[in-house]
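Engineer: Pasting in a structure now, in structure tokens, and then I'll have a few things to ask.
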Amino acid sequence: MKQILIGFLLSDVLRLIRSKYNNNTDNSNLPLSQVRTLYRISLNEGAKQVEIAEQLEMKPMTLVRIIDQLVEDELVERRPCPKDRRAFLLYLKKPKANKALAEINTHSDEMWKEALQGLSQEKIDDFISTMNLIHANLSEKK
């Protein structure tokens, strides 16, 4: 029955990470929702908005508001999809987006360094492997 604790611990750790990010005044001044979206676009440049929404598990209309802000901040640009005139493709607006992502990565590294202190590199690698396996197991069952 210890497995039930895994869910509670994962949820609580995620809450603490979000809280730490939101309370860190050194962050890039982007809310976590924008950080997640910017990062996802960086991994999938040229993707449709609806595809990014699916990857982030959010409603497309919610994502539109987030992307509107990223466009206003000149971090992301929408380009018309040549195959579907109703759709837009998302691209980073470089170099400003790259600078923001570098700052985000720096803050993320610092936060995770604190979170993982006391763990050997071997344990960290095992943790990442375990989380990847759990992710794969759950993704395959959709």
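Engineer: Taking 7 Å along the Cα-to-C-beta vector as the label spot, tell me the Asn23-Glu57 distance in nanometres, rounded to one decimal.
Structural biologist: 2.5 nm
Engineer: Might you tell me the accessible area per residue for the chain, computed with a 1.4 Å probe and given in Å²?
Structural biologist: 74 Å²
Engineer: Right, something else. Rounded to the nearest 0.05, what FRET efficiency is calculated for Ser139 and Arg78 with R0 set to 30 Å and r the Cβ-Cβ distance?
Structural biologist: For Ser139 and Arg78, the calculated efficiency is 0.60.
Engineer: Sticking with this structure for a sec: Full extension from Ser33 to Val64: what is 0.36 nm times the residue separation minus their Cα-Cα distance, to one decimal in nm?
Structural biologist: Between Ser33 and Val64, full extension yields 10.0 nm more.
Engineer: Taking only pairs that are 8 or more places apart or on different chains, how many Lys pairs in the chain have Cα atoms under 17 angstrom apart?
Structural biologist: 5
Engineer: From the Cα trace of the stretch 55-125, what convex hull volume per residue do you get, rounded to a whole Å³?
Structural biologist: 148 Å³
Engineer: For the stretch 1-81, what does the alpha-carbon gyration tensor say about shape, rounded, prolate or oblate, given a ≥ b ≥ c as the root eigenvalues, a/c under 1.5 as rounded, and a/b over b/c as prolate?
Structural biologist: oblate
Engineer: Relative contact order for the chain using alpha-carbon pairs under 8 Å, separation at least 6, rounded to a whole percent?
Structural biologist: Relative contact order of the chain: 21 percent.
The values are calculated or read from the model by the stated rules, or taken from the named source; none is laboratory data. Everything numeric in this text was worked out from a predicted model, so none of it was measured. Don't worry about glycine lacking a Cβ; one is built from the backbone with ideal geometry, like all the others, and counts go over all protein chains shown. Surface accessibility is based on the protein's heavy atoms, side chains included, excluding ligands, DNA and RNA. Shrake-Rupley method; radii C 1.70, N 1.55, O 1.52, S 1.80 Å.
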